[in-house]
Amino acid sequence: GAVVSQHPSWVICKSGTSVKIECRSLDFQATTMFWYRQFPKQSLMLMATSNEGSKATYEQGVEKDKFLINHASLTLSTLTVTSAHPEDSSFYICSARAYPRGFSGNTIYFGEGSWLTVV
Amino acid sequence: GQNIDQPTEMTATEGAIVQINCTYQTSGFNGLFWYQQHAGEAPTFLSYNVLDGLEEKGRFSSFLSRSKGYSYLLLKELQMKDSASYLCAVRHNYGGSQGNLIFGKGTKLSVKP
């Protein structure tokens, strides 16, 4: 299947600092990527939709200035958590819509996820 | 509104068959996905249905009825490693969205020896 790589897998940062998470589509071009957040034992919550070359579309209640999303190329989207606080500690997952040759159905594949702990 | 329902938990025996149901009401429909998620890991893709009927892929099958807003995931010959959460997700089209997924809360499946 299509591969989406997310980095780092886990990160610990100090309160008040910023941390960047990368999401790469390795074998296909992804004009659209999605960022999710998941708290323990809860379902995935969509944070924003990232479009290559344009501004991200944020879901209601998600702070644009706190969760900066950049989709500079067809294979890379980044999520930067600015001025991180302990309540931002969570599992962040990206996904990308695949249109590679041989794949049908506009399938959405997920990265491995990134565990963020803010101390 | 958007709503996706699936059972919270299910238990089955190794080697058996289990069916996980999912019902949905969404504004628009552009496909239904099933994902498997082990604790602490990202979801992995299992199946995609956009037309009515059954899609079979090895031990896993997924069924869709658009008129009923209903899908199920069928797991055969259960193995211990199948213990995981199974997420039903619908892709909808409305407004400015580009087909993002709406997830159910997931069904935690426990496979016992």
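The values are calculated or read from the model by the stated rules, or taken from the named source; none is laboratory data. Computed from a prediction, not measured in an experiment: that's the story for all the values here. With ideal geometry, Cβ positions are generated from the backbone for all residues, glycine too; neighbour counts draw on all protein chains shown.
A compact table of results
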| quantity | calculated |
| --- | --- |
| Identity of the residue in the range A:70-85, at pLDDT below 95 and either more than 13 Å from the chain's Cα centre (by Cα) or on the phi > 0 side of the Ramachandran plot (or both), that ends up surrounded by the most Cβ atoms within 10 Å (Cβ to Cβ) | A:L74 |
| Entirely in the range A:1-90, the strands (runs of 3 or more DSSP E) that have 2 or more residues that are closer than 19 Å to A:G113 by Cβ and within 11 Å of chain B (Cβ to nearest Cβ) | A:4-7, A:32-38, A:45-51 |
| Verdict on A:L46 being out of contact with any Phe, Trp or Tyr (no Cβ under 7 Å at 6 or more places or on another chain) and not polar (S, T, N, Q) | no |
| Candidate set from the range A:1-25 (those that are under 15 Å from the mean Cα position of the chain (by Cα) and among the aliphatic types (A, V, I, L, M)); member that is farthest from A:E87 (Cα to Cα) | A:V3 |
| Considering residues of the range B:18-46 that are polar (S, T, N, Q) and over 11 Å from B:L75 (Cβ atoms) only, the residue modelled with the lowest pLDDT | B:S27 |
